[in-house]
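The numbers here are math on the coordinates, done by the rules we state, and not lab data. These figures come from a predicted structure and were not determined experimentally. All Cβ positions, glycine included, derive from the backbone under ideal geometry; neighbour counts span all protein chains shown.
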Amino acid sequence: MEVGAEYNKKRLHGTKYFQDLLNTLDYVPESVLNLLQMNRSSMEFFSKMQKTLVSALRNDSQISQRVELLMNIRGIGEITALTWVLEIGDVSRFGRINQAVSYCGLCSAQKESAGKDIRGPISKKRKKHLQTVLIEAAKLAPQWNSQLAEVHEHELKKGNRNRATLAVARKLVAYMMAVDKNQKKFIPREVLEKAA
């Protein structure tokens with residue numbers, strides 16, 4: 001802390017430890033202690049609210065069925081799947097994967113002039129929250145999914161880490177769209193190759 005108080009960072013989120021810490025800070029002004037307590041209360045309230053919301057959404061039969069199917073894709077967690085279901089809505093409205101990728105804001109404007117393709121930055125017309133969740137999921141998914149790790153490595157060899165993350169995010173959209181449209185579990189390529 002700014003006042004030089006020693007604390008255990010790993011235990012700081014524990015309610016009892018936090019209260020004990022506040023009680024030992026006798027040289028800190030009362031207004032600072034009140035602000036710390038207020039921030040802690042806000043954080044706890046937000047955490048409870050988030051858990052309640054996720055729990056309520058889990059109990060909806062249509063949403064929970066789609067989320068369970070999407071979570072069969074390695075690298076897709078509950079929050080990513082839930083965000084997809086809530087933001088996309090009816091997945092059948094997208095005829096092609098490119099339409100879903102564009103809706104998620106994972107593509108860039110493409111201009112062609114004199115036979116040269118010029119790509120701009122990723123689209124500003126997007127579902128911002130969905131785009132953020134997919135980008136964050138794409139950063140972690142290659143650790144859990146070997147197919148996505150291959151996509152990431154292939155793009156990384158071209159030299160741009162952000163481009164590699166976008167490629168993984170686009171592939172995640174393709175996987176989620178396929179699972180959501182077909183209402184069947186995701187089967188990794190390795191399993192299909194062994195079966196053949």
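Numbers for the structure displayed
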item	result
For the range 36-53 and the range 77-91, distance of Cα centres in Å	24
Cα→Cβ-extended label distance, 7 Å offset, between Asn59 and Ser113, nm	5.7
Over 27 Å between alpha carbons, listed pairs Lys116/Lys181; Lys48/Lys181; Lys111/Lys157; Lys111/Lys181	Lys116/Lys181; Lys48/Lys181; Lys111/Lys181
Rounded FRET efficiency, nearest 0.05, which uses the C-beta distance separating Thr132 from Ser41 and R0 of 25 Å	0.40
Computed magnitude of the charge dipole of the chain (debye, nearest 20; Cβ of K, R +1, Cβ of D, E -1)	900
About the Cα centre, charge dipole magnitude for the range 15-58 (Lys/Arg +1, Asp/Glu -1 at Cβ), debye	420
Cα gyration tensor category, rounded, prolate or oblate, for the chain with a/c compared to 1.5	prolate
Low-density loop positions, trypsin sites (Lys or Arg not before Pro), the range 31-98 - DSSP coil, at most 10 other Cβ in 10 Å	Arg96
Helical mean residue ellipticity (222 nm; -39500 (n - 2.57) per DSSP H run of 4+; nearest 500) of the chain	-19500 deg cm²/dmol
